[in-house]
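A short write-up of the structure that comes next.
The values are calculated or read from the model by the stated rules, or taken from the named source; none is laboratory data. Bear in mind the structure is a predicted one, so any value in this text is a computation, not a measurement. FYI the Cβ positions are ideal-geometry reconstructions off the backbone, even for glycines, and counts take in every protein chain you see. Please note that ligands, DNA and RNA were not included when accessible areas were found on the heavy atoms of the full protein model with its side chains. Shrake-Rupley method; radii C 1.70, N 1.55, O 1.52, S 1.80 Å.
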Amino acid sequence: MNSNFSRTLVTTALPYANGPVHLGHLAGVYLPADIYVRFKRMKGENIIHVGGSDEHGVPITITADREGITPRDVVDRYHRQNMDAFERCGISFDYYGRTSSKVHFDTAQEFFRDINGKGIFVKKKESHFFDPETKRFLSDRYVTGTCPVCNYPEANGDQCEACGTHLSPRELINPKSKLSDESPELRETLHWYFPLGRFQDRLENYVDSHVGDWRANVLNYTGTWLKQGLNDRAITRDLHWGIPVPVEGDEAKGKVLYVWFDAVLGYISFTREWAEKQGAPDLWREYWQSSDCRIVNFIGKDNVVFHTLMFPAILMAWNEGRTSGIYSLADNVPASEFMNFEGRKFSKSRNYAVYLGEFLDKFPADTLRYSIAMNYPENKDSDFSWFDFQNRTNGELADTLGNFIKRSVDFTNAKFEGEIPYECTEEDWAAPGIDWTASFEKLDQAYEQFHFREAAALTMQIARSANRFLTESEPWKVLKTDRQAAARAVALSVNLCYTLALAWYPVIPHTSNRIYAMLGFEESLDDAIKNGTVSWNMARFPQLHKGHKLCRKSEILFAKIEDGDIAPELEKIERLLEEVKRKEEEEANEETEVRPEISFDDFLKVDLRVATVIACEKVKKTDKLLKLRLKVGSESRQVLAGIAQSYSPDSIIGKNVILVANLAERKIRGELSQGMILAVEGNDGMLNLVEVSGSGVNGKNVQ
Ligand SMILES: [Zn+2]
């Protein structure tokens with residue numbers, strides 16, 4: 001890592017403007033980024049944080065169709081809602097834009113034109129599903145049908161919700177258009193592809209240069225893709241909502257840029273818009289096109305390859321053949337794991353979530369920020385639970401931090417007319433038992449290396465030491481016999497309040513501002529940091545001198561959370577969980593419902609044979625699929641089966657299984673599948689192959 005950067009640009013994954021952000025999003029991306037940015041601002045560094053709404057893509061048009069409104073209505077609603085929730089939570093963006101802006105259209109089209117002009121894109125004619133009724137090409141999400149792997153009847157064209165297999169619409173059995181319910185027909189259409197493989201070597205070099213400073217999860221996900229070899233990726237779609245493909249003539253008519261190509265460029269567009277707002281339209285170049293600027297992309301683990309491979313490849317394509325106007329690649333891509341909610345994954349589609357805006361209607365932002373920081377899913381999935389939230393708020397924020405601040409300020413106000421009665425010496429400053437140098441070295445490192453849970457825990461340790469110091473020095477008792485000793489304890493305590501106001505600022509800025517005001521400062525702490533009167537290093541030394549006057553008022557910083565406050569939330573979870581379970585059971589019951597009657601002749605049409613597995617391997621780039629080589633009598637067949645999570649390839653070689661031998665061949669993930677083998681799903685979700693024992697059964701009919 002080059003430590004000589006003089007500027008930092010922080011970007012956060014663009015929330016999709018098709019729904020409200022939930023606590024999982026906050027924990028994975030926005031809060032860690034904000035904590036980092038606030039810390040850096042206090043260090044006096046030049047840093048900006050840009051983010052904004054991702055406003056394109058098919059799910060938005062699906063929401064619009066469903067609600068009978070326009071896609072514009074959908075994105076307007078969620079852009080405002082999410083921006084408002086972020087603001088209330090104290091996520092301090094320097095700029096929060098949207099990908100439907102003119103500047104973004106210009107930026108994305110400029111990139112497309114440049115790369116297209118260099119002949120880098122590959123154009124391919126392909127057959128895609130077309131809905132003759134509505135006269136529209138159907139993108140993956142607009143096609144539904146039966147999953148070829150698990151037979152779930154309502155699989156989406158891009159993925160089966162039931163078994164998780166990634167699909168393409170043409171793999172579906174009995175595909176239907178979601179727009180008209182009609183069977184779609186295949187029509188030829190032209191699309192532009194980005195040849196990721198062309199950049200394989202350069203991307204490998206880029207990733208290799210960050211081994212050691214990138215997180216293990218980021219290197220792992222990226223490494224898996226690189227090992228498999230990078231393929232062409234489509235970057236255009238037949239759709240009306242999005243950024244038109246900037247190519248003259250008929251061939252690009254009705255086509256827009258695919259959202260993965262356009263969304264990542266949003267970071268650049270928003271920095272441009274920020275610069276314009278500063279009255280310095282070229283200032284963005286100092287962040288994107290200068291080797292002096294460190295770029296950090298905060299993302300969730302589901303977005304890794306978009307940021308470590310695809311976005312860098314787009315920038316490399318732009319940079320190709322250029323001597324100036326060269327874009328820098330990200331120096332770090334801190335991807336979080338997921339934060340679960342009460343032991344279960346957040347799921348928007350199952351409505352199993354707590355939305356940020358709703359949360360902030362009931363509880364203060366800082367209690368949430370603290371609780372999430374202490375559960376930051378840095379290198380493994382973590383969990384948010386209401387009991388943990390209640391315990392941390394009451395035991396740590398209220399009883400430790402809040403209690404210490406209030407006691408210190410109240411006692412100074414009551415017994416010393418709100419004035420610091422003593423000048424702390426260096427020796428005094430060691431009295432609370434805090435190793436200032438070591439603590440702040442650790443804190444600095446924790447923030448610099450994105451260990452935010454550690455940073456919050458270290459800061460709470462300082463608060464504990466301060467609280468213990470005040471309790472043990474008992475100035476309220478000592479005052480009667482030794483006013484000087486009481487004065488010293490008070491001066492130290494109030495200075496510790498100041499230290500804590502500063503040290504907590506990255507994590508709980510609202511509270512820091514309130515403490516700072518109680519200490520007698522008229523200017524807000526935010527402003528004091530902005531104009532440089534206050535900086536991070538001031539937290540390490542006593543700053544309030546003898547005679548400094550407090551504001552003479554104090555407030556309770558954290559209200560305790562009573563059982564009654566979280567009872568409705570716990571009830572809500574129970575309801576949500578019941579609903580999730582009900583849905584899961586419904587899906588299970590659908591399977592046990594006997595299918596419509598068929599004639600005996602129909603049954604005889606199905607040719608079931610005993611087949612022996614003679615070879616087996618995993619299908620690349622899938623989690624669920626195994627490729628089996630079967631011996632059926634004198635014949636050999638290749639069959640794909642979605643059983644990779646239940647069986648390892650080696651464990652099924654030699655098994656006698658039942659093959660549906662006269663099923664039409666089809667392609668799954670580009671591989672031919674000649675039939676289907678029978679399996680039963682257990683309650684644990686594992687698949688069990690139907691096996692035949694006995695010898696000499698291979699190739700025989702099952703009857
Ligand atoms: Zn499936």
Ignoring ligands, DNA and RNA, what percent of the accessible area of the chain is carbon or sulfur (1.4 Å)?
47
Report, ordered by chain and residue number, the aspartates and glutamates lying within cross-link reach of K546, taken as a straight Cα distance under 19 Å and ignoring same-chain residues fewer than 8 apart.
D410, E417, E419, E423, E426, E427, D428, D482, E522
Once phi for every residue in the range 230-243 is put through the Karplus expression 6.51 cos²θ - 1.76 cosθ + 1.60 (θ = phi - 60°), the whole-Hz ³J(HN,Hα) values, with Gly and Pro written as x, are 8, 10, 5, 10, 5, 10, 10, 9, 8, 7, 9, 9, x, 8
Can you tell me, using C-alpha contacts under 8 Å and at least 6 residues apart, the relative contact order of the chain as a whole percent?
13
What whole-number value in Å² describes the accessible area per residue of the chain for a 1.4 Å probe?
45
Could you name the lysines in cross-link range of K135, using Cα to Cα under 20 Å and dropping any fewer than eight places away on the same chain?
K125, K176, K178, K253, K255
Once phi is turned into ³J(HN,Hα) by the Karplus curve 6.51 cos²θ - 1.76 cosθ + 1.60 with θ = phi - 60°, what whole-Hz value does each residue of the range 619-633 show in order, with x for glycine and proline?
7, 4, 6, 10, 8, 9, 9, 10, 9, 10, 9, 10, 9, 10, x
Name the residue farthest towards the positive end of the dipole of the chain from the options A33, S290, A330, assuming +1 on Cβ of Lys and Arg, -1 on Cβ of Asp and Glu, about the Cα centre.
S290
What is the Cα centroid distance between the range 117-183 and the range 386-424, reported in whole angstrom?
60
Which of rounded, prolate, oblate describes the range 254-311, given a ≥ b ≥ c as roots of the alpha-carbon gyration tensor eigenvalues and a/c under 1.5 marking rounded, otherwise prolate only if a/b is larger than b/c?
oblate
Do any cysteines in the chain lack another Cys Cβ under 4.7 Å, and if so which?
C89, C293, C424, C497, C551, C616
Any chance you could give the angle, 0 to 90 degrees and rounded to 10, that helix 71-89 forms with the longest Cα principal axis of the chain?
30
Relative to the Cα centre, what is the charge dipole magnitude of the range 394-540, using +1 at the beta carbon of each Lys and Arg, -1 at the beta carbon of each Asp and Glu, and rounding to the nearest 20 debye?
440
Inter-part distance where the range 292-337 and the range 442-506 are each reduced to a Cα centre, Å
41
Ellipticity estimate at 222 nm from DSSP helix runs (n ≥ 4, -39,500 (n - 2.57)) divided over the chain, nearest 500
-11500 deg cm²/dmol
Length gain on complete extension for the stretch L604 to S180, per 0.36 nm per residue less the alpha carbon to alpha carbon distance?
149.2 nm
Of K43/K530; K40/K549; K40/K380, which pairs sit farther than 22 Å apart, going by alpha carbon to alpha carbon?
K40/K549; K40/K380
Diffing the range 514-523: the Karplus 3J(HN,Hα) column from phi (6.51, -1.76, 1.60, θ = phi - 60°), in whole Hz with x for Gly and Pro, holds 5, 5, 4, 5, 4, 7, x, 9, 7, 6
Quick check: from the Cα gyration tensor, does the range 1-134 come out rounded (a/c under 1.5), prolate or oblate?
oblate
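Given charges of +1 on the Cβ of Lys and Arg and -1 on the Cβ of Asp and Glu, with all other atoms neutral, how large is the dipole of the range 600-689 about its Cα centre, in debye to the nearest 20?
Computed charge dipole of the range 600-689: roughly 400 debye.
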Amide H proximity to I243 below 5 Å, modelled H, separation 5+ or other chain, gives L257
The range 561-650: radius of gyration over Cα atoms, expressed as a fraction of 2.2 N^0.38 Å:
1.87
Expressed in nm², what is the orientationally averaged projection area of the convex hull enclosing the Cα positions of the range 583-703?
8.8
Compute the separation of the alpha-carbon centres of the range 1-70 and the range 532-587 and state it in Å as a whole number.
22
Report, as a whole number in µm² per second, the diffusion coefficient that Stokes-Einstein gives for the chain at 10 °C and 1.306 mPa s using the Kirkwood radius over alpha carbon pairs.
55
Give the share of C-alpha pairs in each 5 angstrom bin for the range 394-540, from 0 to the last occupied bin, in whole percents, shortest bins first.
2, 9, 19, 23, 21, 15, 7, 3, 1, 0
Return the lysines within reach of K624: Cα separation strictly under 17 angstrom, same-chain partners fewer than 8 residues apart disregarded; answer none if there are no such residues.
K667
